[in-house]
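The values are calculated or read from the model by the stated rules, or taken from the named source; none is laboratory data. These numbers come from a predicted model, not from an experiment. Because the Cβ atoms are built from the backbone with ideal geometry, glycine has one as well, and the counts that use them run over all protein chains shown. Only protein heavy atoms, including side chains, enter the accessible area calculation; ligands, DNA and RNA are left aside. Shrake-Rupley method; radii C 1.70, N 1.55, O 1.52, S 1.80 Å.
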Amino acid sequence: MPELPEVEVVRRGLDRWVTGRTIASAEVLHPRAIRRQDGGAEDFTARLAGRTVSAPRRRGKYLWLPLDDGALLAHLGMSGQLLVGDPDRPPDRHLRVRLTFTDGGHDLRFVDQRTFGHLMVAELVPDAFDGTVPEPVAHIAADPLEPVFDDEAFYRALRRRRTGLKRALLDQTLISGVGNIYADEALWRARLHWARATENLTRPEVTRLLAAVREVMAAALAVGGTSFDSLYVNVNGESGYFERSLEAYGRRDEPCSRCGTPIRRDVFMNRSSFSCPRCQPRPRRPRL
DNA sequence: GGGTTAACCTGCGGGC
DNA sequence: TGCCCGCAGGTTAACC
């Protein structure tokens, strides 16, 4: 389940392995992997051959490799992996796209079991700040690790919304990069319930929440991200270790490390939410 | 037009 | 043994 820290781990790996190299060819093995490319596989491969890759960039869960013309944009979805390795190694079972380079060295493979992820070649457009982003990323908010993220604007946006706090945290147009795992972890750290109405949040609460989001993401990044199984790995196929540090997510009925109360699991938005019933009291008027 | 839900996918594990 | 169901969940189209 790649969220911001996992995508950043991949970005750093790509920076080491593909920056400055020139793409020789692209092979699409599953059409769904490039479903957002208007011109289909033919257009996708034509726009990659002969292009040189510069340093990879990221916003939230989106990752892109700037090219001489446009950018190769990637979203890993639920189970996507970008793997770098010996071009002669056997193909993975869920290999969707393969890129080779003119130097004949390591290739780059997009492997995605559940096919929620995708790749595409997109134009770069100006973003809301001073940089450029691929056009499909233009509607995404800055992520909390970017210097351009505006804490005060985020607070004001929450107060204008009429929805629940976790729903807002998962809304990539308000704050990007947060997914189900880090949303639960940040809410636990900030001692806020997921169903708190955003319009009632105080400034200190939002400050606490943003600090918690940044802390938990930085801690995950430091150990290579969260891996529950082999589905999430870095470009070398190695797993991260943050699962050991999770305080709420996946810990149903286990004691809260602060107060000992068993962690509770709620079903919400067709997915699980984990929280401490004592540290994160349910609001009187919950918003789901 | 903001808010909410369903659909898209595959593999795995539990229950019968 | 084998089948069915629930679950994992990021994004977006479609709905209200």
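Every residue, every condition in (1) touching a residue at least 24 places away in the same chain (Cβ under 8 Å); (2) in the same structural domain as A:Asp15 (by TED's automatic domain parsing); (3) of a type outside the set (A, V, I, L, M); (4) not in a loop (DSSP other than H, G, I, E, B), yes or no:
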position	(1), (2), (3), (4)
A:Phe44	yes, yes, yes, yes
A:Ser54	yes, yes, yes, no
A:Arg89	no, yes, yes, no
A:Gly105	yes, yes, yes, no
A:Arg109	yes, yes, yes, yes
A:Phe116	yes, yes, yes, no
A:Val121	yes, yes, no, yes
A:Val125	no, yes, no, yes
A:Val133	yes, yes, no, yes
Take A:Asp15 and tell me if it is part of a helix (DSSP H, G or I) and closer than 19 Å to A:Thr132 by Cα. yes
Does A:Ala183 meet the test of being part of a helix (DSSP H, G or I) and within 13 Å of DNA strand C (Cβ to nearest atom)? yes
If only one of A:Gly260, A:Gly250 is in a loop (DSSP other than H, G, I, E, B) and within 16 Å of DNA strand B (Cβ to nearest atom), which one is it? A:Gly250
Just one of A:Arg11, A:Arg36 is touching a helix residue (DSSP H, G or I) at 6+ places or on another chain (Cβ under 8 Å), closer than 16 Å to A:Leu63 by Cβ and either open to solvent by 50 Å² or more (accessible area, probe 1.4 Å) or of a type outside the set (A, V, I, L, M) (or both); which is it? A:Arg36
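Each row is one residue, and each column tells you yes or no for (1) touching a helix residue (DSSP H, G or I) at 6+ places or on another chain (Cβ under 8 Å); (2) within 16 Å of DNA strand C (Cβ to nearest atom).
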site	(1), (2)
A:Ala71	no, yes
A:Ala74	no, yes
A:Gly80	no, yes
A:Val84	yes, no
A:Asp92	no, no
A:Gly104	no, no
A:Asp107	no, no
Test of understanding: among A:Arg251, A:Arg258, A:Arg264, A:Arg285, which residue is within 18 Å of A:Ala195 (Cα to Cα), surrounded by 13 or more Cβ atoms within 10 Å (Cβ to Cβ) and at pLDDT 70 or above? A:Arg264
Given (1) within 18 Å of the chain's Cα centre (by Cα); (2) crowded, with 19+ Cβ neighbours inside 10 Å; (3) of a type outside the set (Val, Ile, Thr), identify the lone condition not met by A:Gln113. (2)
Can you tell me how many residues in the stretch A:162-187 are more than 10 Å from DNA strand B (Cβ to nearest atom) and either outside the structural domain of A:Arg214 (by TED's automatic domain parsing) or not small (Gly, Ala, Ser) (or both)? 12
Residues to consider are A:Val137, A:Val133, A:Val148; find the one that is aliphatic (A, V, I, L, M), more than 16 Å from DNA strand B (Cβ to nearest atom) and open to solvent by 60 Å² or more (accessible area, probe 1.4 Å). A:Val148
Conditions: (1) within 20 Å of A:Lys166 (Cβ to Cβ); (2) touching a strand residue (DSSP E or B) at 6+ places or on another chain (Cβ under 7 Å); (3) modelled with pLDDT of 85 or more. A:Leu209 meets all but one. Number of the miss? (2)
Across (1) surrounded by fewer than 19 Cβ atoms within 10 Å (Cβ to Cβ); (2) assigned by TED's automatic domain parsing to the domain that holds A:Tyr62, A:Arg159 clears everything bar (2)
If we keep only residues of the stretch A:35-72 that are farther than 24 Å from A:Asp103 by Cβ and within 19 Å of the chain's Cα centre (by Cα), then the residue farthest from DNA strand B (Cβ to nearest atom) is A:Arg58
Just to be sure before I move on: is A:Val121 of a type outside the set (D, E, K, R), surrounded by 18 or more Cβ atoms within 10 Å (Cβ to Cβ) and either on the phi > 0 side of the Ramachandran plot or out of contact with any Ser or Thr (no Cβ under 6 Å at 6 or more places or on another chain) (or both) in the structure I sent? yes
Residue within the stretch A:156-167 that is modelled with pLDDT of 95 or more, in a loop (DSSP other than H, G, I, E, B) and either farther than 18 Å from A:Val267 by Cβ or within 16 Å of DNA strand C (Cβ to nearest atom) (or both) present: no
For A:Val18, which of the numbered conditions (1) open to solvent by 20 Å² or more (accessible area, probe 1.4 Å); (2) farther than 23 Å from A:Ala142 by Cβ fails to hold? (1)
